[in-house]
Amino acid sequence: MPIAEIVICLYRVRKGSERKFVKLLERHWLTLRRFALVTAARPQHFRGVEQDGRPIFVEIFAWKNAKGAQIAHEHPEVMVIWEAMDKLCEVRGGRPNMEFPHVQPLKIRVQA
């Protein structure tokens, strides 16, 4: 069975575009789920600000497997959402407007 791949999406949203961006986030995972590209585990969403006060959003979800993102690029409905997200984000401090590191869980033993 393929191993789910977790993606941490960091979005550097333009000031004043937060409401529009949230609307896209509301559609994002549901669209990916409709095409069976992500696991049933609901995504996590966070909102914050960078040191300069400009908004950032974080979305964490799990692709069903390592090819999920690649397959998503073939779906016009997904691409419409991604293109709209891209337009609401901005490059900052030499960093891209959006970043998508794919990660696997790490078990750390913590001793009290």
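Given their separation in residues at 0.36 nm each and the Cα-Cα distance between them, Asp52 and Lys107 gain 16.4 nm when the chain is fully extended. Against the empirical curve 2.2 N^0.38 Å, the C-alpha radius of gyration of the chain lands at a ratio of 1.13. Ordering Leu88, Pro55, Gly68 by the projection of their Cα atoms onto the charge dipole of the range 42-112, which places +1 on the Cβ of Lys and Arg and -1 on the Cβ of Asp and Glu, puts Gly68 at the extreme positive end. Ranking Phe57, Phe46 from most to least accessible surface, computed with a 1.4 Å probe over the protein chains only, gives Phe46, Phe57.
The helix-only estimate of mean residue ellipticity at 222 nm for the chain, built from DSSP H runs of length n ≥ 4 each weighted as -39500 (n - 2.57), is -9500 deg cm²/dmol after division by the residue total. Computing FRET efficiency as 1/(1 + (r/R0)^6) for Val91 and His45, where r is the C-beta to C-beta distance and R0 is 22 Å, gives about 0.50. Residues in the chain average 67 Å² of solvent-accessible surface per residue, probe 1.4 Å, ligands and nucleic acids excluded.
First measure r as the distance between the Cβ atoms of Glu99 and Ile3, then evaluate 1/(1 + (r/R0)^6) with R0 = 30 Å and state the FRET efficiency to the nearest 0.05. The formula returns an efficiency of 0.85 here. Taking the range 1-107 as the region of interest, the number of lysine pairs whose Cα atoms are within less than 23 Å, with members eight or more places apart or on different chains, is 5.
The values are calculated or read from the model by the stated rules, or taken from the named source; none is laboratory data. Just so you know, these numbers come straight off a predicted model, no measurement behind them. Backbone-built Cβ (ideal geometry, glycine too); neighbour counts: all protein chains shown. For accessibility, only protein heavy atoms count, side chains too; no ligands or nucleic acids. Shrake-Rupley method; radii C 1.70, N 1.55, O 1.52, S 1.80 Å.
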